[in-house]
């Protein structure tokens, strides 16, 4: 519980910082149940919680690959697919990327051919995490859905200097009538449980 309290104090809430009941969810920074427990804490304090998340960025760019021959384009797409597969194999933990397509390619001929690829790849998004959190809270009787808002947010990709659009979702949840009883029962259950023994 101390981690949740500490998380509440340290989480930077982007944009509407005046909303004390908003949680900006990330699918990479904290585990799922950290956010579930934090949402319960916010509902206990404010009677409702707003879960907010941004999805993956999508480049708004002109597809350069449309001018390549079909055979060359197929070869570049396979090279991109292989690159994502190797990236996933070499990294430790986290979410695996899922290859979508190569959207831009450049080559440089030196002693060999170097390829510079702009690859569109997908990861599980924070939006999916927000929906999962909301469903866990609803299915366990803690929350009722009050409002769902969706939009897109224009941002600039600093690495390539291109505009991107990100999907945004906000889900407003309220406490159920028996929220306090469920929280009390869970606390009592934790008190009665034998302490974990370390081996």
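The values are calculated or read from the model by the stated rules, or taken from the named source; none is laboratory data. Fair warning: this is a prediction, and the values are worked out from it, not measured in the lab. Positions of Cβ are generated from backbone atoms using ideal geometry, with glycine treated the same way; all protein chains shown enter the neighbour counts.
The requirement of being more than 25 Å from residue 162 (Cβ to Cβ) and at pLDDT below 80 is fulfilled somewhere in the stretch 19-26, by at least one residue. Just give me the residues in the stretch 64-81 being touching a strand residue (DSSP E or B) at 6+ places or on another chain (Cβ under 6 Å) and either modelled with pLDDT under 70 or in a loop (DSSP other than H, G, I, E, B) (or both), in sequence order. Answer for the stretch 64-81, where residues must be touching a strand residue (DSSP E or B) at 6+ places or on another chain (Cβ under 6 Å) and either modelled with pLDDT under 70 or in a loop (DSSP other than H, G, I, E, B) (or both): just 64.
If you check 102, 110, 84, 131 for being modelled with pLDDT of 75 or more and in the same structural domain as residue 49 (by TED's automatic domain parsing), only one passes: 131.
Please go through the stretch 161-192 and pick out each residue that is farther than 18 Å from residue 40 by Cβ and free of Cβ contacts under 8 Å to residues at least 60 places away in the same chain.
Correct list: 161, 192.
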